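Notes follow the structure.
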Amino acid sequence: MRGQAGFFDIDERYVRLSEAGDPLEKLNAVVPWEVFRKPLAKALKRSNGAKGGRPPYDPELMFKVMVLQALYGLSDDQAEFQIQDRLSFMRFLGLGLGDRVPDAKTIWLFREHLTQARAVEKLFARFDKHLAKAGYLAMGGQIVDATIVAAPKQRNTDAEKADIKAGKVPDAWNDKPAKLRQKDRDARWTVKFSKAKVAEDEKAQQRDIAVPAFGYKNHASIDRRHGFIRGNTGSTVWADTAYRSKKNEAWLERNGYVSDIHQKKPKDRPMSEATSRANGRRSKTRAFVEHVFAHQKSRMDLFIRTIGIARARTKIGMANLAYNLTRYVWHERRSAPA
């Protein structure tokens, strides 16, 4: 029976991970993690180490734990286990076999501090600044869209739903604080449309099917040239018909933007061939944003496990930032000399 693994055994495992193309090693090598240190320090209220107790974990390490959670769709308990279990996670975080691993409560508390400080928006902006300095200027126009990020469905009565919609706490919940803590009063039901084949007269046709969804909206603006989620300085704006209104068009014109938003079908009249062709051209550009949302939902398993809009904002913001980190690695490695 083999004894405990030695340093050479671990080194050999790391070599094999690298040879297999460990994506976290690539992420570590390319992302300038130090750019996040200053905004993290400003956001976090650190206890005085002279008072005793365990010293706090390094903010950069804890931030990278949140990146892992965003990339792999991990809860706090799952993150604690996976860091203990996976060498690739340990190497990404700079932890050795003998080092302490943040537990689920520590991870939760760190995220709470960032949420209270609304720090994720600042971290996102800081990396966007780095992207601009690195030459990834957002000058190719922006693709605007939104998607529903699912949250656990709430089972409420019609009366409770009416109270929530009116911004009130249902009376029955006030006497049950434990129940109230588990009720998400900020997430909303909405209807999204998806294409489905419907049999009609022995022929299958594509139809829009209404599907109810519960969760939060992730509004994103995609840099058309480089594919990052960001605020753009390009002049052209692409979006679907939900964004077309006289108010939006007037705002775009006042602020120097060129609208290339989908045209709506005229009421009780067929859409003209010219408008249909123009919408088809717009769809080819807008399709890029769907790739971003699909990546977040399928590969990153984006799902809101927390309660309330402030925590959801942190969760979605970290998903958007983590996507940009991986996109940045792709661009940097693609442009690197062979």
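Just so it is clear, none of the values below were taken in a lab; they were calculated from the coordinates. Note that the coordinates shown come from a computational prediction; the quantities given were computed from them, not determined experimentally. We place every Cβ from the backbone using ideal geometry, glycine too, and count neighbours over all the protein chains shown.
Under the shape rule built on the C-alpha gyration tensor, where the axes satisfy a ≥ b ≥ c, the stretch 7-117 is prolate, since a/c reaches at least 1.5 and a/b is greater than b/c. Out of L17, A43, M90, whose Cα points farthest toward the positive end of the dipole of the stretch 7-117 (charges: +1 Lys, Arg; -1 Asp, Glu; placed on Cβ)? About the Cα centre, the residue reaching furthest to the positive side is A43. Here I309, I304 are placed in order of increasing Cβ neighbour count within 10 Å, fewest first, which gives I309, I304. Peptide packing: for 124-132, 169-177, the average count of neighbouring Cβ atoms within 10 Å per residue gives the ranking 124-132, 169-177, highest mean first. Per-residue Karplus couplings for the stretch 23-37, computed as 6.51 cos²θ - 1.76 cosθ + 1.60 with θ equal to phi - 60°, are listed in order as x, 6, 5, 5, 4, 5, 6, 9, 6, x, 4, 5, 5, 8, 4 Hz, Gly and Pro entered as x. For A336 and R13, the FRET efficiency from 1/(1 + (r/R0)^6), where r spans their Cβ atoms and R0 equals 22 Å, is about 0.25. Please state the shape class of the stretch 80-132: rounded when a/c is under 1.5, otherwise prolate if a/b exceeds b/c and oblate if not, all from the C-alpha gyration tensor. In terms of gyration-tensor shape, oblate.
Residue order for T306, T190, fewest other beta carbons within 10 angstrom first, comes to T190, T306.
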